Amino acid sequence: MSRVAAVQAKTEGEAGARLVFGRALRLAQGLVDAAKDHRSRGYILARLALIQVEAGDRPAAGHSLRQAIQSAEKIERAASRHDLMQFIAHIQGEAGDVDGGRATAEASGPQRVGALTDLAVGQAKAGDAAGALSTFRPPDLRPV
């Protein structure tokens, strides 16, 4: 839905994009309320945060991501919990919260290398090569 808003912004201007973002936000918020389990709720909240990032509302995105993390922490199955945490870490990077993304990536257990890679790529794209190198520290590379 956020990509639709971006296309609409180019064709119909900012007012049209705001309309689509508003619909996407209302839909996502309704889905959060209807979620039947922590996994579903966490993914919906993370997607809501992604929409909020694209709409330019980073404080609301941060709030949604904190709620997504709380939902993820309640998931009993480790693999599902780790997958969601990696997804959240990726969105935190998109929102510019590299430190939060790094912490979430570390909490994603065996998935952390993928999440840290996503964060490092985002930093590199933003022109922060030094930050990207410090974020992605391959665990198996030790001095010989």
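Since every read-out is calculated from the coordinates, none of them should be taken as a lab result. This structure is a prediction, so every number in the text was calculated from the model and none was measured. Here the Cβ is made from the backbone with ideal geometry for all residues, glycine too, and neighbour counts use every protein chain on show.
Here are some notes:
- Global geometry of the range 32-144, whether rounded, prolate or oblate, following the gyration tensor of its Cα atoms and the 1.5 cut on a/c: oblate
- Note, ³J(HN,Hα) from phi for the range 51-68, Karplus 6.51, -1.76, 1.60, rounded to Hz, x at Gly and Pro: 5, 5, 4, 5, 7, x, 9, 5, x, 5, 4, x, 5, 4, 5, 4, 5, 5
- Shown here for the range 18-97: GluC sites (Glu not before Pro) in loop regions (DSSP other than H, G, I, E, B) with at most 14 other Cβ atoms within 10 Å, namely GLU76.
- Computed over the alpha-carbon atoms, the range 34-86 gives an Rg to Rh ratio of 1.00, Rh here being the Kirkwood radius from the mean inverse distance.
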